Amino acid sequence: MQEGWSAIVVVLLFVGSAVLFVRLRQGSATSDDERGLPRALIGAEIAYAERTFRSVRTRLVARLDRAYRVDGELKLVELKTRARDVVYMSDIVEMSVQRIAVQDEAGEAVSSDAWVVVQNGDTGSRRPHKVRLLDRDEIARLAERYRDVAGGRVTAPHPARSLSQCRQCTHCDRCSATFRDRG
Amino acid sequence: MVRKPDDKFVSASEIARLAYCERQVAFDAAFGRRPTLHQRRAQERGRGAHEEFYRESRRIAKASERKGRCFVATLALGDCPETRALRAFRDLHLRRSVAGRWLIAVYYRFSPHLCRWMETRPTLVRASRPPLRALARVAAALVDRTAR
């Protein structure tokens, strides 16, 4: 008789746990929304999303995808859609500029560690990559260099690292004719 | 005062292109930017993914807002160092394990009801302060140990 009651209690506990589990999964609007995020950011508070920041001091402007507030500082997250699961130097530069713009406009501390979430263009799956951002001086030098290159004050701008990048560029013929090293 | 061209704001994505190819930046500046069909398609795909990412951001932010309101410690103690210690404990310790995250989820599921029930019982809110403060002290000590 006692065994019968025990079995009923166990079954009831099991059913109760199963119902609770299903309800929690259905109720948590964020479970799928947080896919591809690093564990450290799951459940953390989003401070900014799709917002533009300006640093008047450095004349830089940046639009960030998402910033989380974790342990008193902001962590930047950038989504990239790519065929390959890779992070490029350009991602790090872009996020480093975002960091300066947010620091200068919002006055909040922004972590030098950030996350690039790479979404596969075909499957939609996402993977996070932790990156270390460049400091203010490095970005200031790059901004200066950009202004010089775009302003035509650099006689020998650096080419792309690989020729495969050149094949996707609409200036390829012009570049080959001008510099004669991209053939 | 007329601003010099170099005083214009430069965007993060423009500077990032420098890491890709300086010559492209120079040619774009001189002749205009002309994305290929492949690049336009990729940009379109990226825009769609970003829109979805933004919608997700809004849902997550909404969920965080809901969570913020239902914290029993906030009801009893207000926003103070003790509640911040409890939140730091949640973020630094509980969120690191599956069991911890499950516990957080269960807590946030039931705490709004508990809060509503407690709101009409000021004696209970007062009585809950000392144990919550004690708990916050333990949480703060654990958080400090982790931070060191």
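Here, each number is a calculation from the coordinates, and none is a lab measurement. Source: prediction; values computed, not measured. Because the Cβ atoms are built from the backbone with ideal geometry, glycine has one as well, and the counts that use them run over all protein chains shown.
Charge dipole of chain B (Cα centre as origin; +1 on each Lys and Arg Cβ, -1 on each Asp and Glu Cβ, all else neutral): 460 debye, rounded to the nearest 20.
Placing one equal scatterer on every Cα of the protein assembly as shown and applying the Debye formula, the log10 ratio I(q)/I(0) at q = 0.12 Å⁻¹ is -0.95.
Here's the list of aspartates and glutamates a cross-link from B:Lys8 could span, going by alpha-carbon distance under 15 Å and ignoring same-chain residues fewer than 8 apart: A:Glu144, A:Asp148.
With neighbour counts taken as other beta-carbon atoms within 10 Å, the residues B:Leu132, A:Leu163 rank, fewest first, as A:Leu163, B:Leu132. In plain terms, the residue of A:Ile46, A:Ile8 with the fewest other Cβ atoms within 10 Å comes first and the most crowded comes last, giving A:Ile8, A:Ile46. Dipole size of the range A:35-152 about its Cα centre, with +1 on Lys/Arg Cβ and -1 on Asp/Glu Cβ: approximately 260 debye, rounded to the nearest 20. What FRET efficiency would be calculated for the residue pair A:Thr155, B:Arg145, taking the C-beta separation as r and a Förster radius of 51 Å, to the nearest 0.05? The formula returns an efficiency of 0.30 here.
Among DSSP bridges having both ends in the protein assembly as shown, what percentage is antiparallel? Round to the nearest 5.
Percentage antiparallel, nearest 5: 70.
If R0 is taken as 35 Å, the Cβ-Cβ distance between A:Ala7 and B:Trp117 corresponds to a FRET efficiency of 0.55.
Between A:Phe14 and A:Asp137, the contour length at 0.36 nm per residue exceeds the alpha carbon distance by 38.3 nm. Bridging of B:Lys62 to aspartates and glutamates at a Cα separation below 16 Å is possible for A:Asp32, A:Asp33, A:Glu34, A:Glu45, A:Glu50, B:Glu52, once same-chain residues fewer than 8 apart are set aside.
Taking every C-alpha pair closer than 8 Å and separated by at least 6 residues, the mean separation divided by the residue count of chain A gives a relative contact order of 16 percent. Taken about its Cα centre, the protein assembly as shown carries a charge dipole of about 220 debye when Lys and Arg each add +1 at the Cβ and Asp and Glu each add -1 at the Cβ. Simple rule: put +1 on each Lys or Arg Cβ and -1 on each Asp or Glu Cβ in the range B:72-147, find the dipole, and look at B:Ala127, B:Trp102, B:Leu86; the Cα lying farthest toward the positive end is B:Trp102. Comparing A:Arg167, A:Arg82, A:Arg51 in a Gaussian network model of chain A (Cα springs below 10 Å), the most mobile by mean-square fluctuation is A:Arg167. Distance in nm between label sites at B:Ser13 and A:Asp181, each 7 Å beyond Cα in the beta-carbon direction? It is 2.9 nm. Rounded to the nearest 0.05, the FRET efficiency derived from the C-beta distance between A:Thr52 and B:Arg34 at R0 = 25 Å is 0.50.
Please report, to two decimal places, log10 I(q)/I(0) for chain A at q = 0.09, 0.14 Å⁻¹ as given by the Debye formula with identical point scatterers on the Cα atoms and no solvent. Treating every Cα as an identical point scatterer, log10 I(q)/I(0) equals -0.50, -0.93.
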